[in-house]
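**Q** To start, I am sharing the structure in question, which I have written as structure tokens.
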Amino acid sequence: MAEVIDRPDTAVNLPEMASEDNLALTTTNNTTDVAAPAEKKVKKIIRRKKRPARAQVDPATVKSEPPAQTGTTFNIWYNKWAGGDKEDSAMSQTHAKGRCNIALDSGYTKADGHPGAFFCLYFARGVCHKGQDCDYLHRLPGPYDIFPQNVDCFGRDKFSDYRDDMGGVGSFSRQNRTIYVGRIHVSDDIEEIVARHFAEWGPIERIRVLSNRGIAFVTYRDLANAEFAKEAMAWQSLEANEILNLRWSLPDPNPMAQKREARRIEEQAAEAIRKALPAEFVAEIEGKDPEARKRRKIESGYGLEGYEAPDEVHFARGPNAVNPRGREGFELEHEQRLMLEAAEQEMLQEQQYELPPQQQQGGIFSSSTLAALQGAQVAVASKPAPKASTGPLVAYDSDSD
């Protein structure tokens, strides 16, 4: 603290370095009080660094083995068998070698810096040994992870139709977000168990469990999450050490389900339109802006008290639109059309004036020639008709004739 000497009728001069923020002075006739500097609150921002992806298995235990034969022809480019329409029966009867744990295994990899990167198939299966050195993403698909229709979220090519057993990558002809889950051990709380295990891989839209048959149908909100969950839960267990059989679901023949799917597609299209249009325009169309509603009621009256034009009249566009905004862009076209029509009429009139007088009235003949032809009467001698022959041989012809 600075020392202050009390002197009657004495002014205290503080150094220029002292600012108003540091010291607050209160001067009276005989004393001067110096207040302590106010403490400033500093907001500390803690930024957590992204953690690297964890290796799910020990790299030393990974052995390079040829894939099991599941088809009739081995493709050396893709390093897999082709021509098989069914999954390997032996593989479907054994448990998976690992299981993905999103809370522990997810993290950043080399693919995080590359937009449009695909997800790691081995990470979904829980057997990726590369960790942060992997060239694919080690996380769950999000709503903004959109891929081309001919490939899945792992970058594998889709086919025009599904396999006979509805397994494999799938088809690009239909957007299938429903997974068929078989070999479920039925219990009293089986619906809760299925929901808990499959909710790890993304938001679920609908779950239907058929307890009498031991199967379930899980529908995800996004296609990428359905593709990820199919690989993550293949040959896994729920609670009773069973081995799940996962396939793509067939189209639901229920008319209500078909209507629900059509409504979902319409909502997706509407959401895409909302993102493309300005927010103010969308709020006005949907009636969410009260000020816009009042303004619309005034503008659509067009000076008539108590009248409000319908939407097809107020939002119509064209040169004859009632709303001035609807005529924007069409007025110039209308004027250009009128100018072109006027120019064509002028050209026709000029062509008529350029024709010679004799051609306007009678073609190649002059007016005097036409008058002479009209006044002249020319007699043309007609050939006399032959007389009819008479006699007994009138009906017979001769060679001489």
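**Q** Using the scaling law 2.2 N^0.38 Å as the reference, what is the normalised Cα Rg of the range 215-280? Walk me through the intermediate numbers first.
**A** Details: Rg = 16.8 Å, N = 66, 2.2 N^0.38 = 10.8 Å.
The range 215-280 yields a ratio of 1.56.
**Q** Here is a follow-up. Could you please state how large a percent of the accessible area of the range 126-249 is carbon and sulfur, counting protein chains only and using a 1.4 Å probe? Walk me through the intermediate numbers first.
**A** On the way: 2680 of 5820 Å².
Of all accessible area on the range 126-249, carbon and sulfur atoms account for 46 percent.
**Q** Give the long-range amide H neighbours of Ser171: residues separated by 5 or more places, or on another chain, with amide H under 5 Å away, using H modelled in the peptide plane at 1.01 Å from N.
**A** Result for Ser171 returns Phe159.
**Q** Taking the solvent-accessible surface of protein heavy atoms with a 1.4 Å probe, what is the per residue accessible area of the range 54-197 in Å²?
**A** That works out to 62 Å² for each residue.
**Q** With each label point set 7 Å from Cα along the Cα-Cβ vector, what nm distance links Glu328 and Arg221?
**A** In this crude spin-label approximation the distance works out to 3.6 nm.
**Q** Need one number: % antiparallel among DSSP beta bridges in the range 129-219, to the nearest 5.
**A** Bridges in the range 129-219 are about 90 percent antiparallel.
**Q** Something else now. Relative to the compact globular guide of 2.2 N^0.38 Å, what is the alpha carbon radius of gyration of the range 149-269, as a ratio?
**A** 1.05
**Q** Shape of the range 62-186 from its Cα gyration tensor (a ≥ b ≥ c, root eigenvalues): rounded if a/c is under 1.5, otherwise prolate when a/b > b/c, or oblate?
**A** Details: a/c = 1.39, a/b = 1.26, b/c = 1.10.
Cα axes put the range 62-186 in the rounded bin.
**Q** Can you tell me the order of 294-304, 129-139 when each peptide is scored by its average per-residue count of other Cβ atoms within 10 angstrom, highest first?
**A** Result, highest mean Cβ count within 10 Å first: 129-139, 294-304.
**Q** Taking 20 Å as the cut-off for C-alpha to C-alpha distance, list the pairs among Lys80/Lys158; Lys110/Lys275; Lys230/Lys275; Lys63/Lys158; Lys63/Lys97 that go past it.
**A** Checking Cα-Cα distances, Lys110/Lys275; Lys230/Lys275; Lys63/Lys158 exceed 20 Å.
**Q** Once phi is turned into θ = phi - 60°, what whole-Hz ³J(HN,Hα) does the Karplus curve with 6.51, -1.76 and 1.60 give for every residue of the range 262-277, x standing for Gly and Pro?
**A** Result, rounded to whole Hz: 5, 5, 5, 5, 5, 5, 5, 5, 5, 5, 5, 5, 4, 5, 7, 9.
**Q** Classify the range 136-185 as rounded, prolate or oblate, taking a ≥ b ≥ c as the square roots of the eigenvalues of its Cα gyration tensor: rounded when a/c is under 1.5, otherwise prolate if a/b is larger than b/c and oblate if not. Could the numbers behind the result be given before it?
**A** On the way: a/c = 2.05, a/b = 1.22, b/c = 1.67.
The shape class here is oblate.
**Q** At Lys294 and Lys50, where each label point lies 7 Å from the Cα along Cα→Cβ, what is the point-to-point distance in nanometres?
**A** Simple spin-label model gives 4.8 nm for this pair.
The values are calculated or read from the model by the stated rules, or taken from the named source; none is laboratory data. Because the structure is a prediction, the values reported are computed rather than measured. Glycine gets a Cβ as well: all are built from the backbone with ideal geometry, and neighbour counts include every protein chain shown. All accessible areas refer to the heavy atoms of the entire protein, side chains included, with ligands and DNA or RNA removed. Shrake-Rupley method; radii C 1.70, N 1.55, O 1.52, S 1.80 Å.
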